[in-house]
Amino acid sequence: MGQPWPNIVDELDRHGSERTGGGTPRHQILRMSAVLARTGLGRSTIYRMIAARQFPPPVRLTGRAVGWRREDLDRWSESLASVDH
């Protein structure tokens, strides 16, 4: 099925080329477009959920750029309740 996070725009690996098993970078930072694509949520919904502490806050990359840690989004996604049909 391919990589679970196919729309990674920026990647930050603070430990050089250190990687975990499976060749996945240990630390990844996803920009807004990747977060929107991955979650299916809208930009304003994400910021509203951040304000309500229902979504992981972004990390500052530069003076104006922010991104989300992949591991924070993974934990958030895993914490969501399953829907039974």
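The values are calculated or read from the model by the stated rules, or taken from the named source; none is laboratory data. What you see is a predicted model, and the numbers here were worked out from it, not measured in a lab. Quick reminder, even Gly has a Cβ in these numbers, built from the backbone with ideal geometry, and neighbours come from all protein chains shown.
Between Arg48, Arg53, Arg60, Arg43, the distinction of being at pLDDT 95 or above, among the charged types (D, E, K, R) and touching a helix residue (DSSP H, G or I) at 6+ places or on another chain (Cβ under 9 Å) belongs to Arg43 only. Pairs meeting the criteria (first residue in segment 32-59 and without any contact (Cβ under 8 Å) to a residue 60 or more places away in the chain and surrounded by 13 or more Cβ atoms within 10 Å (Cβ to Cβ), second residue among the charged types (D, E, K, R) and assigned to a helix (DSSP H, G or I), beta carbons under 7 Å, at least 6 apart or on different chains) are Met32/Arg43; Leu36/Arg43; Pro56/Asp72.
Within the span defined as segment 9-25, one or more residues are exposed (fewer than 15 other Cβ atoms within 10 Å of the Cβ), part of a loop (DSSP other than H, G, I, E, B), in contact with a helix residue (DSSP H, G or I) (Cβ under 6 Å, 6 or more places away or on another chain) and at pLDDT below 95.
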